[in-house]
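> Got a structure for you, written out below as structure tokens; questions coming shortly.
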Amino acid sequence: NPKRGCLNMKKQITVIGAILVVVGLSLFAIAFASVGFNPAKLNSQVSFEQKQFSVEAGKVQALNISDENNTIELTRAADQNITITYYESEKDRYEVGVDGNSRLSMRYVNDRRWYERIGVEWGHPDTRITVALPEGFRCDLTLGTVNGSIRADGQAAGSLQATVTNGDIRLTGVSVDQEATVSTVNGQIVLDSLAAGSISVSSVNGRVQVNGASSKGAVTLSTTNGSISGTLAGSASDYTVSAGTVNGTNNLTNSTGGTKPLSVHTTNGSIDIKFQS
């Protein structure tokens, strides 16, 4: 009986929902008891202290920064040191140092217990990570954050990997000797005058825009829900083109014969890529 089956399914959904509510209330009760039934202790508002780490740039060949809830911003240094400015609290800290392979690593560590992550944080200050690099300094850059953005202006790198989960990526005037890999899940990517050995750009929910991007090799631009637009160095004949969209317009024509592979694909969005010559 279809009607009876539908009623049974509704009952099952109701029972599952009730179980989830009970489990949620139980977890909250445990957390409440863990802080001595003091609701003020569930408030995650904390005080942050500014800190710095500095090292001679000549001692570093690779830079790796991994964070969770902050923007990572690269700026120009006034001297020949790499200086990282960051913020720590009693429960938020970083492990920073240079290893024997000349790799400068910075990793976020969350010392909160599970129940201390339940409260709502009010008035969170700007605790972004700022990395000052000397002019002309090149090393392999690996930058990653979960809830935050990545910003760079006028920097150089041997290779670049920039990854975000929930946030935007904007690179301006960045020069990369080898591959530049830029990706986000929920956010837009804007690349102004990016020059690299090869370029790979991907988003899931966000637009991709390249303004005057230049690559010695392959260029890959992709997203699922968003448009892809901008300009590429050279002429259309320089590229072997593979481009397509499902829901949107596409100004590119698939072609062969070019020395540089160009792949441009989206599902829900338009493609509008032009060539500078």
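> When the solvent-accessible surface of protein heavy atoms is calculated with a 1.4 angstrom probe, in what order do E88, E135 fall, highest first?
On the way: E88 25, E135 140 Å².
Order by accessible area, largest first: E135, E88.
> Mind pulling up the Rg/Rh value for the range 180-273? Radius of gyration and Kirkwood radius, both on Cα.
Details: Rg = 11.9 Å, Rh = 12.8 Å.
Rg/Rh for the range 180-273 comes to 0.93.
> Let me test this: with uniform point scatterers at the alpha carbons of the range 231-277, what is the Debye-based log₁₀ I(q)/I(0) at q = 0.20, 0.31 1/Å?
Taken in order of the listed q values, log10 I(q)/I(0) reads -0.61, -1.15.
> Kindly report, to the nearest 10 Å², the accessible surface of R113 as traced by a 1.4 Å probe over protein heavy atoms only.
150
> Please state, as a whole number in µm²/s, the translational diffusion coefficient that the Stokes-Einstein equation yields for the range 67-107 at 10 °C and 1.306 mPa s, with Rh defined as the Kirkwood radius across alpha carbon pairs.
Details: Rh = 12.2 Å.
Result for D is 130 µm²/s.
> Next up: Per-residue accessible area for S200 at 1.4 Å probe radius, Å² rounded to 10?
Accessible surface of S200 is approximately 40 Å².
> Bin width 10 Å, alpha-carbon pairs only: give the P(r) of the range 164-221 as whole percents, running from 0 to the bin holding the largest distance.
Calculated P(r), rounded to whole percents: 27, 57, 16.
> If I model a spin label at S47 and S263 as a point 7 Å from the Cα along the Cα→Cβ vector, what separation in nanometres do I get?
Taking the two extended label points, one gets 5.2 nm.
The values are calculated or read from the model by the stated rules, or taken from the named source; none is laboratory data. This one's a predicted model, so the numbers in the text were calculated from it and none came from an experiment. Every residue, glycine among them, receives a Cβ derived from its backbone with ideal geometry; neighbour counts consider all protein chains shown. Calculation scope for accessible area: heavy atoms of the full protein, side chains included, ligands and nucleic acids excluded. Shrake-Rupley method; radii C 1.70, N 1.55, O 1.52, S 1.80 Å.
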